[in-house]
1. Quick check: net charge around GLY50, other residues with Cβ under 13 Å of its Cβ, Lys/Arg +1 and Asp/Glu -1?
2. Within the accessible area of the chain, what % is carbon and sulfur when the probe is 1.4 Å and the other protein chains stay in place?
3. Using modelled amide H (1.01 Å from N, peptide plane; none on Pro or chain starts), what sits under 5 Å from the amide H of ALA57, excluding residues fewer than 5 places away?
4. Restrict the search to segment 38-99; then list the trypsin sites (Lys or Arg not before Pro) that DSSP places in a loop and that have at most 16 other Cβ atoms within 10 Å of their Cβ.
5. Which FRET efficiency, nearest 0.05, do SER85 and ALA64 yield, Cβ-Cβ r, R0 41 Å?
6. With a probe of 1.4 Å, find how much accessible area the chain has per residue, and write the answer as a whole number in Å².
7. If you fit an axis through the alpha-carbon atoms of helix 86-96 and take the longest principal axis of the Cα set of the chain, what angle between them do you get, 0 to 90°, nearest 10?
8. Which whole-percent values make up P(r) of the chain when all C-alpha to C-alpha distances are grouped in 5 Å steps starting at zero?
Amino acid sequence: MSILCLRNALDSMAPDRPVWLVPEEGDIITAGEVAQRLRAADSFVQRVRGKRVAVWADAECDLAPLLVTLDGVCRSITLLPSTLSAERTSVLLKQSQSE
């Protein structure tokens, strides 16, 4: 049984197909560019494969690429807004069992 994730979807797309728009910069990112970024993150992916992870990100432009990289890799992903207090963050990390 194959896991349905972005990596699998990219394999079936033409490399020059636009898949992402960066509004602030007006850049268009293609399927080939996303696939290349995923390959570049392979060592990171191997460290988090099958684990429960927590993610902090201050900006959408940081969060989106990270979620794309983690898609289909981690057992679970807990999103933690950067505005949370240290106490609340600690509680959520414990509840999520993130490593």
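1. +4
2. On the way: 3750 of 6980 Å².
Exposed carbon and sulfur together represent 54 percent of the surface.
3. Here the answer is LEU80, SER82, since their amide H atoms fall under 5 Å of that of ALA57.
4. Details: sites: ARG39, ARG47, ARG49, LYS51, ARG52, ARG75, ARG88, LYS94; in loops: ARG49, LYS51, ARG75.
Those that pass, being in a loop and sparsely packed, are ARG49, LYS51, ARG75.
5. In this case the efficiency is close to 0.95.
6. Value returned for the chain: 70 Å² of accessible area per residue.
7. 70 degrees
8. 2, 12, 19, 21, 19, 13, 9, 4, 1, 0
The values are calculated or read from the model by the stated rules, or taken from the named source; none is laboratory data. Given the structure is predicted, the values throughout are model-derived calculations rather than measurements. Cβ sites come from the backbone with ideal geometry, for glycine too, and all protein chains shown count toward neighbours. Note: areas computed on protein heavy atoms with side chains; ligands, DNA, RNA excluded. Shrake-Rupley method; radii C 1.70, N 1.55, O 1.52, S 1.80 Å.
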